[in-house]
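Please read the structure below before turning to the comments.
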Amino acid sequence: MSSTDALWASTQKQLSHFFEEKTKISVACSGGLDSTVLFHILFSMIKDKTRLSICHVNYGLRKDENQREVALLQQLSATYGVSFFLQTVSEEERLTRKEKNIQIWARQVRHGLFSRLSTEGWVLALGHHLGDVAENVILRLARGTRPVGLLGMTVWNPPYWRPFLSVPKETLLAWAQSKNLLYWEDSSNATIEYSRNTIRHRVLPVLEQLHPGAKRRLARCAGEIRDLAGYVREGFRRDGTAGQAALGLDFLSKLPIGVAKEAVEVWLQDKTEAIPRLSDALYTELFHWIQSTSRRETRVWQRMLSTEASIYIENDSLWFLYTGKK
């Protein structure tokens, strides 16, 4: 079976496995290679075209290019007779945004549109491929992401569907060329202004040159690490560790540090999901106290996790204090 035949078969299998015949699917479409291939494959598979749409956010950051992208998507929508959900960000919205990091801001805007479509019953189909997964793994490793979150993306995480996560970009390119598909290449993807692009253009090519197939192995290893961390966490849920009011320092000190961190993470998640994960610096500080041999009967250490939550050490145990809503 050719790579393009395998692409078709895999997408069709997922479509029938995850969704009912009446499920509505909106392709998050930039007009680029990945999302364009995804749209055309789904258009060929879905008989009822009212079940298929495309959606797009025009951020207005590259005015001329953005207009050409929108025009291309409008043409795509009209040609194939599907709905087009377009959100255009005004200049005032861009200038008054509170989030300074432009990528984080753009993601917030994009997910706002996705959330609205989801409430209307649409599944969001995203064109992320194997290269995106490998980039994500390297970024998350460098940032110190916990093992369970290394992979970052999954094929089906309602309302998001990513059918191409195991597909190399070369296969998508081969499909587009075989079908003579017209797509748009975002000029910002070619720069190294953003960290993800630096990994894409400088780091991964070197890794692939040194060890062909590196991207696939990075994704596989991250998935296995996630499964192992998930298994450890599930064990802590089953044995009651997660539900305890406090974690004994003796218990934590006897565990390998990586396993002890997972115990703390799942214990905190059981208390509330409304707090950020602990930073590497905070973990270093915490485990300094955990591994201390002196008795800790009085409160010897406390750190705020948010305006409403804190953790502290008292009576040789780690405690959690939360004043907000669970």
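The values are calculated or read from the model by the stated rules, or taken from the named source; none is laboratory data. These numbers were taken from a predicted model, which means no experiment stands behind them. Note: ideal-geometry Cβ built from the backbone for every residue, glycine included; neighbour counts use all protein chains shown. We work out accessible area using only protein heavy atoms, side chains counted, and drop any ligands, DNA or RNA first. Shrake-Rupley method; radii C 1.70, N 1.55, O 1.52, S 1.80 Å.
One residue stands out among those in the stretch 76-113 that are charged (D, E, K, R), surrounded by 14 or more Cβ atoms within 10 Å (Cβ to Cβ) and touching a residue at least 12 places away in the same chain (Cβ under 8 Å): the one that is nearest to SER44 (Cα to Cα), which is ARG110.
Scanning the stretch 228-272 for residues that are within 18 Å of TRP301 (Cβ to Cβ), open to solvent by less than 20 Å² (accessible area, probe 1.4 Å) and part of a helix (DSSP H, G or I) gives LEU249, LEU252, ALA260, ALA263, VAL264, TRP267, LEU268. Filtering GLN291, GLN302 for residues that are on the phi < 0 side of the Ramachandran plot, at pLDDT 85 or above, more than 30 Å from the chain's Cα centre (by Cα) and open to solvent by 20 Å² or more (accessible area, probe 1.4 Å) leaves a single hit, GLN302. So, restricting to helices (runs of 4 or more DSSP H) that lie completely within the stretch 98-183, which ones have at least 1 residues that are under 14 Å from the mean Cα position of the chain (by Cα)? Because the criterion is at least 1 residues that are under 14 Å from the mean Cα position of the chain (by Cα), the helices (runs of 4 or more DSSP H) in the stretch 98-183 that meet it are 102-119, 130-143. Only one of the numbered conditions (1) open to solvent by 30 Å² or more (accessible area, probe 1.4 Å); (2) in contact with a strand residue (DSSP E or B) (Cβ under 6 Å, 6 or more places away or on another chain); (3) at pLDDT 95 or above is not met by LYS13, and that is (2). With respect to the conditions (1) over 19 Å from the mean Cα position of the chain (by Cα); (2) surrounded by 14 or more Cβ atoms within 10 Å (Cβ to Cβ), PRO212 lacks only one, and its number is (2). Considering only the stretch 41-97, state which residues are part of a loop (DSSP other than H, G, I, E, B) and either touching a helix residue (DSSP H, G or I) at 6+ places or on another chain (Cβ under 9 Å) or not polar (S, T, N, Q) (or both). Across the stretch 41-97, the qualifying residues are ILE46, LYS47, ASP48, TYR59, GLY60, LEU61, ARG62, GLY81, VAL82, VAL89, ARG97. Go through ARG216, ARG196 for me and flag whichever is assigned to a helix (DSSP H, G or I), within 29 Å of LEU72 (Cβ to Cβ) and touching a residue at least 40 places away in the same chain (Cβ under 8 Å). Going through ARG216, ARG196 in turn, just one is assigned to a helix (DSSP H, G or I), within 29 Å of LEU72 (Cβ to Cβ) and touching a residue at least 40 places away in the same chain (Cβ under 8 Å): ARG196.
For the stretch 145-158, the set of residues classified as under 21 Å from PHE18 (Cα atoms), open to solvent by 30 Å² or more (accessible area, probe 1.4 Å) and either touching a residue at least 60 places away in the same chain (Cβ under 8 Å) or touching a helix residue (DSSP H, G or I) at 6+ places or on another chain (Cβ under 7 Å) (or both) consists of GLY152, VAL155, TRP156, listed by residue number. The residues in the stretch 52-67 that are at pLDDT 95 or above and either surrounded by fewer than 15 Cβ atoms within 10 Å (Cβ to Cβ) or not polar (S, T, N, Q) (or both) can be counted, and the count is 5.
Determine whether the stretch 135-144 contains at least one residue that is without any contact (Cβ under 8 Å) to a residue 12 or more places away in the chain and either over 22 Å from TYR194 (Cα atoms) or of a type in the set (Gly, Ala, Ser) (or both). Yes, because at least one residue in the stretch 135-144 is without any contact (Cβ under 8 Å) to a residue 12 or more places away in the chain and either over 22 Å from TYR194 (Cα atoms) or of a type in the set (Gly, Ala, Ser) (or both). Please tell me if SER30 is in contact with a strand residue (DSSP E or B) (Cβ under 9 Å, 6 or more places away or on another chain), part of a loop (DSSP other than H, G, I, E, B) and under 23 Å from ARG110 (Cβ atoms). Criteria met by SER30. State which residue pairs qualify: first residue closer than 25 Å to SER115 by Cβ and inside the stretch 4-33, second residue open to solvent by less than 60 Å² (accessible area, probe 1.4 Å) and of a type in the set (Lys, Arg) in any location, beta carbons under 6 Å apart, and separation of 6 or more residues or different chains. Filtered contacts from the stretch 4-33: LYS24/ARG51. When VAL89, VAL70, VAL109 are checked against the criterion of being modelled with pLDDT under 95 and in contact with a His (Cβ under 9 Å, 6 or more places away or on another chain), a single residue qualifies: VAL70.
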